[in-house]
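The values are calculated or read from the model by the stated rules, or taken from the named source; none is laboratory data. What you are looking at is a predicted structure, and each value in this text was computed from that prediction instead of being measured. As a convention, Cβ positions derive from the backbone with ideal geometry for all residues, glycine included, and neighbour counts pool all protein chains shown. Side chains are part of the model used for accessible areas, which takes the heavy atoms of the whole protein and leaves out ligands, DNA and RNA. Shrake-Rupley method; radii C 1.70, N 1.55, O 1.52, S 1.80 Å.
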Amino acid sequence: MEYYLLDVKRTVKINGVDVAFDYINTYYYSNEAIKEAMVLSMNEEVLHVSVHKWFINENGEHDHCNDNDSILYRYEKKR
């Protein structure tokens with residue numbers, strides 16, 4: 001079974017101070033993950049967004065796909 005992880009790194013202002021914040025969301029459909037990644041990449045606070053394809057092996061272990069399309073979307077804010 002394949003699934004897609006949306007990795008987000010951003011800054012959040014807390015009491016006027018920029019704080020580094022990152023999280024990962026899981027999607028079952030690549031188009032949903034890519035759509036959300038594209039929306040997030042337009043946010044000024046977002047530093048990095050990427051969508052990675054993963055799969056569950058027959059033995060139940062989770063692995064990152066290693067084929068040419070394993071990273072479906074990537075955005076990195078230019079400094």
Solvent-accessible area per residue, Å², over the chain with all protein chains present [probe radius 1.4 Å]: 73
What number, rounded to the nearest 500 deg cm²/dmol, is the helix-based mean residue ellipticity at 222 nm of the chain, given -39500 (n - 2.57) per DSSP H run of at least four residues and division by all its residues? -4000 deg cm²/dmol
Net charge near residue 23: determine it from the other residues with C-beta under 9 Å of the C-beta of residue 23, scoring Lys and Arg +1 and Asp and Glu -1. 0
Could you grab the relative contact order for the chain? Cα pairs under 8 Å, six or more apart, rounded to a whole percent. 32
Gyration tensor verdict on the chain (Cα atoms; rounded if a/c is under 1.5, prolate if a/b is larger than b/c, oblate otherwise): prolate
Which of the GluC sites (Glu not before Pro) found in the chain are in a DSSP loop and have at most 16 neighbouring Cβ atoms, other than their own, within 10 Å? 44, 45, 58, 61
Placing +1 on each Lys and Arg Cβ and -1 on each Asp and Glu Cβ in the chain, then taking the dipole about the Cα centre, the residue among 59, 48, 23 whose Cα reaches farthest towards the positive end is 48
Carbon and sulfur %, accessible surface of the chain computed with the full protein complex present, 1.4 Å: 52
Debye, to nearest 20: dipole size of the chain, +1 on Lys, Arg Cβ, -1 on Asp, Glu Cβ: 520
